[in-house]
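Supplied in structure tokens, the structure appears directly below.
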Amino acid sequence: MNILLQIAIAIASVAVLLCLMALVKYLAKAYGLSAEVQRKLVHIGTGCYALTLPWLFPERWPVYVLIALTLVVMAVLRMPRFAKGGIGETLHGVERRSYGDLLLALAVGTVFLLSDGRMILYVLPIAILTLSDAAAALTGTRYGTKFFQIEDGQKSLEGSVAFFMVTLIVAMVCLLLLSDVPRANVILLAVIVAGFGTLVEADSWRGFDNFFLPAGLMVFLDARMGSEPLALIAIMLLFCAAIWLALWVAPRIKLSRHAARVYVIATFLLLSVTTLPNTVLPLMVFITHACSCRIRPCKAVYPELDCVAALALVSFAWLASEKVTGTSSLVYYGLTTMAMSVGFIALAVTGFGQILRWSCLAIFSLAMIWLHHVLMLTNGGSTLWLAMAAALIAAIPPILMAEQFQIARSAKIAVLALIVPVLACVAMMGVNNGWL
């Protein structure tokens, strides 16, 4: 298949998506479909089409072109002119705030990249996102009677049960048809995937399940699909125990149950894909964020969830970078998480006296730089000068302009923390490829 034809198929695919949205809008007017049903019809159609991508394109690059075009179109459809009254209303007719349309396209691209051609790692997460998520939403909307509260609304127990059952079936079918996993492991993996996926979907907010669900399932399967049955059972028991402990601790430290469960999910994923020492710096992000919010409260509606979202997106971005560049990104990821921790502490100490403020920040920054140095020595080496630069850039704006970090605090600090690692990564690529 030549280049022009693949580009034409990518453009035609976006046109098909727009036609699907127009058809759903027509059906909504003709049959009085609710806003939620409209969204899920588009969601199902988009997901089913995404499942064909590995077979539709013989090369990988047209898929990324398609994802980029889709993101542009989704961004345009969020404009008021199209979101209210136009075909964008099929996605944005619900009252709650959601980024699900953008995150769905981003998730397909991320999972496609990280699965590296292994069908089970792509098809299973996307199939669950497509079928189980829609089953949960439609079941909850139509038959929901028992509801539980999350930060930006409520979800139904009936919807979660539907999600679990559909996911269990989808996982078993995909594992049997697309992998050589031992039959005993199929059942255990399917139960873990169904339980983990149900918790992610139930605890999602602002449409983030469209990204975290498939991406999280993909990295878990990649890391644990070959584990022994006893190891899988131990993972299930530890995860359940961690959830119980988090729910017991949450009210005692004035943390919402929802945020506590999200922290456990994030920690579970970190431990699934890396060794325990490599989780220290990411977990320090959660701890320092909690300190900054306790000492200097954030004006964001869901600061804890925003922190998890920022760290998760940073984590998957560095995973994707590793696939694209072919070089380890662990040192750069460590730099990013170390700098995020320093940035949060910089915000926390802004209310202290001048001498105490800079003393605390200097001591903590040096401690984090040393910790990063020690942890990274076994992962390709550590550059102290880069660590110092990353900490400095992440700390100075928050401590001098604290008021600018009262909203979208986690996102802003994540951007600051990425500056030095990204520049260092690009420079290293330039040296390795002879650009510099």
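The values are calculated or read from the model by the stated rules, or taken from the named source; none is laboratory data. Please read these numbers as outputs of a predicted model, since none were measured by experiment. A quick note on method: Cβ atoms are made from the backbone with ideal geometry, for glycine too, and the neighbour counts reach across all protein chains shown. Areas reflect the complete protein model, heavy atoms only, side chains present, ligands, DNA and RNA absent. Shrake-Rupley method; radii C 1.70, N 1.55, O 1.52, S 1.80 Å.
Suppose we keep only residues that are over 10 Å from residue 288 (Cβ atoms), part of a helix (DSSP H, G or I) and not aliphatic (A, V, I, L, M) within the range 338-369. Which one would you say is least open to solvent (accessible area, probe 1.4 Å)?
The selected residue is 365.
Do we have residue 293 as more than 22 Å from residue 109 (Cβ to Cβ) and touching a Pro at 6+ places or on another chain (Cβ under 6 Å) here? Give the derivation first.
Working: more than 22 Å from residue 109 (Cβ to Cβ): yes; touching a Pro at 6+ places or on another chain (Cβ under 6 Å): yes.
Judged against the criteria, residue 293 is a match.
Something else: All but one of (1) in contact with a helix residue (DSSP H, G or I) (Cβ under 6 Å, 6 or more places away or on another chain); (2) modelled with pLDDT of 85 or more hold for residue 169; state the number of the condition that does not hold.
Of the numbered conditions (1) in contact with a helix residue (DSSP H, G or I) (Cβ under 6 Å, 6 or more places away or on another chain); (2) modelled with pLDDT of 85 or more, the odd one out for residue 169 is (1).
Let me ask something else. Which condition breaks for residue 42 when tested against (1) open to solvent by 40 Å² or more (accessible area, probe 1.4 Å); (2) out of contact with any Gly (no Cβ under 8 Å at 6 or more places or on another chain); (3) at pLDDT below 85; (4) on the phi < 0 side of the Ramachandran plot?
The one condition residue 42 does not meet is (1).
Quick one: is residue 256 over 24 Å from residue 136 (Cα atoms) and hydroxyl-bearing (Ser, Thr, Tyr)?
No, not satisfied.
Okay, moving on. Filter the range 297-321 down to residues that are modelled with pLDDT under 85 and either in a helix (DSSP H, G or I) or touching a helix residue (DSSP H, G or I) at 6+ places or on another chain (Cβ under 6 Å) (or both) and give me whichever is surrounded by the fewest Cβ atoms within 10 Å (Cβ to Cβ).
Top of the filtered list is 300.
When residues of the range 154-171 are filtered for being more than 17 Å from residue 213 (Cα to Cα) and hydrophobic (A, V, I, L, M, F, W, C), how many remain?
Applying the first criterion (more than 17 Å from residue 213 (Cα to Cα)) to the range 154-171 yields 154, 156-158.
Filter once more, so that each one left must be hydrophobic (A, V, I, L, M, F, W, C): 157.
Number satisfying all stated conditions: 1.
Give the range 225-248 a look and list any residue that's of a type outside the set (Gly, Ala, Ser), open to solvent by less than 40 Å² (accessible area, probe 1.4 Å) and over 14 Å from residue 190 (Cα atoms), or say none.
Once the filter is applied, which keeps residues that are of a type outside the set (Gly, Ala, Ser), open to solvent by less than 40 Å² (accessible area, probe 1.4 Å) and over 14 Å from residue 190 (Cα atoms), the range 225-248 yields 239, 243.
Something else: Among the residues of the range 11-51, which ones are over 30 Å from residue 115 (Cα atoms) and basic (Lys, Arg)?
Matches in the range 11-51: 25, 29.
Out of all the residues in the range 377-390, is one or more within 17 Å of residue 282 (Cα to Cα), among the aliphatic types (A, V, I, L, M) and part of a helix (DSSP H, G or I)?
yes
Might you check whether a residue that is under 20 Å from the mean Cα position of the chain (by Cα), more than 27 Å from residue 306 (Cβ to Cβ) and surrounded by fewer than 20 Cβ atoms within 10 Å (Cβ to Cβ) occurs anywhere in the range 202-224?
yes
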